[in-house]
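Accompanying notes for the structure given below.
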Amino acid sequence: MNHEKTILITGGAGYVGSHTCKAVSEAGYLPVTYDNLSRGHDWSVKWGPLEVGDIRDKDRLDEVIRTYHPIAVMHFAAFAYVGESTEKPGLYYDNNVSGSINLIETVRRHDIRYFIFSSSCATYGDPEQIPITENHPLRPINPYGESKLMVERILRDYHAAGQFHTAVLRYFNAAGADPQLETGECHDPETHLIPTILKVATGENAALEIHGDDYDTGDGTCIRDFVHVTDLASGHVKALDYIRDRKDAITVNLGTGNGYTVNEVVRMSESISNRPVARSIGNRRPGDAPVLVASADRAKQMLNWEPKFSDLNTIISTAWRWEQRLKPYRNSADDD
Ligand SMILES: NC(=O)c1ccc[n+]([C@@H]2O[C@H](COP(=O)([O-])OP(=O)(O)OC[C@H]3O[C@@H](n4cnc5c(N)ncnc54)[C@H](O)[C@@H]3O)[C@@H](O)[C@H]2O)c1
């Protein structure tokens with residue numbers, strides 16, 4: 001094994017992490033997944049070893065790092081449901097913040113110099129201007145967003161102390177599935193819009209609840225910036241190359257700059273699946289910003305990153321093909 005090329009991927013059994021394992025493997029690295037499988041799946045770990053462990057477990061982390069000697073860490077492991085974070089903030093601060101501190105300190109002791117962190121547009125809160133640039137004020141409106149911002153600040157301080165070169169990647173709405181269908185999204189409960197719509201199209205769910213149709217957005221439903229998960233994955237490879245070359249710390253949005261309303265996404269999903277999607281209009285959800293759209297300029301200028309799969313048609317088409325492939329995986333996940 002070429003240890004020079006190993007990357008530790010926390011949360012590599014999850015949605016974005018598994019697609020990133022594929023991308024880093026294609027770029028010539030060995031991805032070592034470190035995941036407690038609390039919300040991920042062993043079947044999605046295909047491009048390198050799976051080491052089952054918790055980021056809050058120092059001894060287990062030490063053992064895995066001593067075995068593989070990674071040159072970099074990509075840190076996806078976290079809980080990522082906004083609603084759950086509001087109900088159980090302690091769970092989020094424990095897993096996302098204490099877990100990250102434990103990981104960061106362990107990584108520092110092993111003198112690993114490159115750290116890439118999955119942050120979120122939830123760090124911006126309710127945006128004052130659209131598109132949202134990286135310099136927008138950071139005022140999260142839920143514990144999930146707070147937990148991400150806290151880790152961003154911890155990493156900033158470690159970089160300032162000369163301990164890490166860091167890339168903080170603020171994703172907008174991850175969506176779609178690997179075009180070869182080698183992995184894809186499988187959450188329970190599923191809260192992301194596109195799979196939720198498609199589960200109505202497959203008949204798995206009876207109807208889609210739209211959370212408010214009285215926003216000032218044209219058709220009244222919220223606007224989101226959907227970025228294909230394969231594009232997110234390639235952004236990680238480019239960010240690693242960048243911080244390895246420049247020995248720098250960067251913060252970059254990963255979004256497309258294009259927004260779609262919920263109704264537009266439903267209509268395109270109906271047309272791609274060729275099935276009707278029954279829907280009902282519910283109340284607005286607290287903490288839902290009407291419009292979240294990234295400025296993608298910095299990612300393009302700094303990383304030369306341009307989304308290749310993030311047009312809405314490709315996103316929904318890959319997600320639809322994956323939804324239909326998912327059943328056998330679901331059954332094996334149930335056996336876990
Ligand atoms: N999916 C999105 O739209 C989105 C948007 C912005 C940011 N993010 C961030 O990207 C990352 C990945 O998101 P995702 O959608 O792939 O989530 P996911 O739930 O599919 O994956 C997270 C993985 O981390 C693992 N994990 C959780 N806690 C752990 C712990 N203590 N120790 C070890 N493993 C642990 C889970 O088992 C799971 O496999 C998260 O940090 C999330 O906050 C996601």
Legend entry - Any hit, region 145-158, residues being touching a helix residue (DSSP H, G or I) at 6+ places or on another chain (Cβ under 9 Å), of a type in the set (A, V, I, L, M, F, W, C) and part of a loop (DSSP other than H, G, I, E, B): no
Inset, instruction - Would you check if LEU155 is under 19 Å from the mean Cα position of the chain (by Cα) and more than 14 Å from the ligand (Cβ to nearest atom)? - result: no
Inset, instruction - Out of the residues in region 106-116 that are within 30 Å of SER295 (Cβ to Cβ) and touching a helix residue (DSSP H, G or I) at 6+ places or on another chain (Cβ under 6 Å), state the one that is nearest to the ligand (Cβ to nearest atom). - result: ILE116
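For every residue, the table says whether it meets (1) within 16 Å of the ligand (Cβ to nearest atom); (2) of a type outside the set (Lys, Arg); (3) touching a helix residue (DSSP H, G or I) at 6+ places or on another chain (Cβ under 9 Å).
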site: GLN180; (1), (2), (3): no, yes, yes
site: HIS187; (1), (2), (3): yes, yes, yes
site: THR191; (1), (2), (3): yes, yes, yes
site: PHE226; (1), (2), (3): yes, yes, yes
site: TYR242; (1), (2), (3): no, yes, yes
site: ARG275; (1), (2), (3): no, no, yes
Legend entry - TYR171, sole failed condition from (1) touching a strand residue (DSSP E or B) at 6+ places or on another chain (Cβ under 8 Å); (2) free of Cβ contacts under 8 Å to residues at least 12 places away in the same chain: (2)
Inset, instruction - Would you mention how many residues in region 44-64 are in contact with a Lys or Arg (Cβ under 9 Å, 6 or more places away or on another chain) and in contact (Cβ under 8 Å) with a residue 24 or more places away in the chain? - result: 4
Legend entry - Criterion: assigned to a helix (DSSP H, G or I), at pLDDT 95 or above and more than 9 Å from the ligand (Cβ to nearest atom) - qualifying residue of LEU103, LEU91: LEU91
Legend entry - Those residues of region 136-167 which are of a type in the set (Gly, Ala, Ser), at pLDDT 95 or above and surrounded by fewer than 22 Cβ atoms within 10 Å (Cβ to Cβ), in sequence order: ALA160, ALA161
Inset, instruction - Just name the residue that is farthest from THR67 (Cα to Cα) out of those in region 106-144 that are of a type in the set (Ser, Thr, Tyr) and assigned to a strand (DSSP E or B). - result: SER120
Legend entry - When residues of region 271-313 are limited to those that are touching a residue at least 24 places away in the same chain (Cβ under 8 Å), surrounded by fewer than 18 Cβ atoms within 10 Å (Cβ to Cβ) and under 19 Å from PRO179 (Cα atoms), the one farthest from the chain's Cα centre (by Cα): ASN313
Inset, instruction - Select from region 58-80 the residues that are surrounded by fewer than 24 Cβ atoms within 10 Å (Cβ to Cβ) and near the ligand (Cβ under 7 Å from one of its atoms) and list them in ascending order. - result: PHE79
Inset, instruction - Of the conditions (1) surrounded by fewer than 16 Cβ atoms within 10 Å (Cβ to Cβ); (2) touching a residue at least 60 places away in the same chain (Cβ under 8 Å), HIS41 clears all except one; give me its number. - result: (1)
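The values are calculated or read from the model by the stated rules, or taken from the named source; none is laboratory data. None of the values given here were measured: they were computed from a predicted structure. All Cβ positions, glycine included, derive from the backbone under ideal geometry; neighbour counts span all protein chains shown.
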